[in-house]
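Working notes, structure below.
The values are calculated or read from the model by the stated rules, or taken from the named source; none is laboratory data. Note that the structure is predicted; figures quoted are calculated from it, not measured. Cβ: placed from backbone, ideal geometry, glycine included. Neighbour counts: every protein chain shown.
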Amino acid sequence: MADSTWPSDAELNRIRDVVSEMSGRSVDEIRVVVSPYRICPLGAHIDHQGGAVTAMTINKGILLGFVPSGDSKVHLRSAQFKGDVNFSVDEVQLPKHLIRASENNHTNCSSIPDEECSWGNYARGAQYALQHRGNDLSQGIIGYICGSQGLDSSGLSSSAAVGVAYLLAFESANNLSISSTENIEYDRLIENEYLGLRNGILDQSAILLSSHGCLTYMNCKTKEHKLVQPQKDRTEFQKNFKILLAFSGLKQALTTNPGYNRRVEECQEAARILLVASGNTSEKPVFTNVDAEVYEAYKHKLDHVLYKRAEHYFSENVRVKQGVEAWVSGNMEKFGELVSSSGLSSIQNYECGEVSMSIFCLLCSQHFSLYPLFLFLYAYTKHS
């Protein structure tokens, strides 16, 4: 992506002006949360299985301007979605996916009048996560949230960026001191427990832990993380690659698509079969609890679909290890080859991705001369 300062002074001033008008407070009182989007060069679709992943944030994302409301009320507006959101932090928030299951009438948009596509659920989820872990919330917020134009629901973890933004705003308004690692868990509660999406911790970890010029590495089983720096001079190193974001033009929130959770279930079923075959019935059925040697010995027991899910996980873990080594040594051609292989495995083995984007990835992977120019061919993939 082209270098640019984000957020710009103009963006920040506009958000402060909107919140000032909403709240009747001085512009100087307005606080702004900056929550960037992320890319995952290596480690795609394996965080929910406890795999090793890499990530970095980009110079686009979510801005949330807010002030403490002075009471328990929350009042929010969005630049992307219609309808004001109003609730109170002393309300009891129940997990939305359980409510939908009991009502059996879930649609892609909200049952709350005038709240387009349930956009307020992430704020309610942040309240749920904080209170679920015993934090006292007495102050609501008056806020205005704005994402980088055209990038919401596009595969750059805008949902995690939104969840993190609301967490930080509620914590600031209520004078709570919460660590980044705690907020990673809180955002997991928003998505796993409140919204019912069975994803891992890659997205919020990247947003909360990344640092400019570094590759963020995380072991999603142990939660160990580190910032990987190149051995070469950082300024010179960054001249060796560019980041290309390719957008298919299609958008869909994962919470409205059953394909994501179905693939997680397929991974768990494959892990269960491999563990049982090896005589291990005590471990949780996720791939991180299956040794690579066990996979090689018993992969013939998996059907075609489950085999492909397992093959993606185990090959992607290898690519992550090799990619970190390539990053440290400054071997961008090798790193680019691994990213390309990761994309192909996501299409062929994990079987996700919009058709036109998959074709684009396949075409670009055939042109290795692209690596020095466009290191990351990062497609906005969807789960059909």
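Okay, residues lined up against (1) assigned by TED's automatic domain parsing to the domain that holds Arg262; (2) outside any helix (DSSP H, G or I); (3) within 16 Å of Ile58 (Cβ to Cβ):
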position	(1), (2), (3)
Asp187	no, no, no
Glu191	no, no, no
Arg198	no, yes, no
Asp203	no, no, yes
Leu208	no, no, yes
Gly213	no, yes, yes
Thr216	no, yes, yes
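Could you please give the count of residues in region 44-58 that are part of a loop (DSSP other than H, G, I, E, B) and buried (at least 24 other Cβ atoms within 10 Å of the Cβ)?
Qualifying residue count for the region: 4.
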When you go through Gly61, Gly65 one by one, which is the residue that is closer than 30 Å to Ser342 by Cβ, assigned by TED's automatic domain parsing to the domain that holds Asn219, crowded, with 21+ Cβ neighbours inside 10 Å and small (Gly, Ala, Ser)?
-> Gly61
In region 321-361, what residues are out of contact with any Lys or Arg (no Cβ under 9 Å at 6 or more places or on another chain) and within 21 Å of Tyr260 (Cβ to Cβ)?
-> Gly343, Leu344, Ser346, Ile347, Val355, Ser356, Ser358, Cys361
Collect the residues in region 1-39 that are closer than 30 Å to Val286 by Cβ and in contact with a Ser or Thr (Cβ under 7 Å, 6 or more places away or on another chain), keeping them in residue-number order.
-> Pro36, Tyr37, Arg38
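From the set of residues in region 247-270 that are hydroxyl-bearing (Ser, Thr, Tyr) and either surrounded by fewer than 18 Cβ atoms within 10 Å (Cβ to Cβ) or under 13 Å from Asn199 (Cα atoms) (or both), which is modelled with the highest pLDDT?
Step one: of region 247-270, the residues hydroxyl-bearing (Ser, Thr, Tyr) are 248, 255-256, 260.
Among the residues that remain, those that are also either surrounded by fewer than 18 Cβ atoms within 10 Å (Cβ to Cβ) or under 13 Å from Asn199 (Cα atoms) (or both) are: 255-256, 260.
Values: Thr255: 58, Thr256: 58, Tyr260: 84.
Looking at the filtered set, the residue picked out is Tyr260.
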Test: Glu293 is over 30 Å from Met332 (Cβ atoms), of a type in the set (D, E, K, R) and touching a residue at least 24 places away in the same chain (Cβ under 8 Å) = no
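Can Phe237 be described as under 28 Å from Gly155 (Cβ atoms) and surrounded by fewer than 17 Cβ atoms within 10 Å (Cβ to Cβ)? Before you say what the answer is, go through the steps one by one.
Numbers: under 28 Å from Gly155 (Cβ atoms): yes; surrounded by fewer than 17 Cβ atoms within 10 Å (Cβ to Cβ): yes.
Yes; evaluated as a whole, the condition is true for this residue.
Every residue, every condition in (1) touching a residue at least 40 places away in the same chain (Cβ under 8 Å); (2) surrounded by fewer than 24 Cβ atoms within 10 Å (Cβ to Cβ), yes or no:
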residue: Leu156; (1), (2): yes, no
residue: Val162; (1), (2): yes, no
residue: Glu171; (1), (2): yes, yes
residue: Asn183; (1), (2): no, yes
residue: Asp187; (1), (2): yes, no
residue: Leu195; (1), (2): yes, no
residue: Tyr217; (1), (2): yes, yes
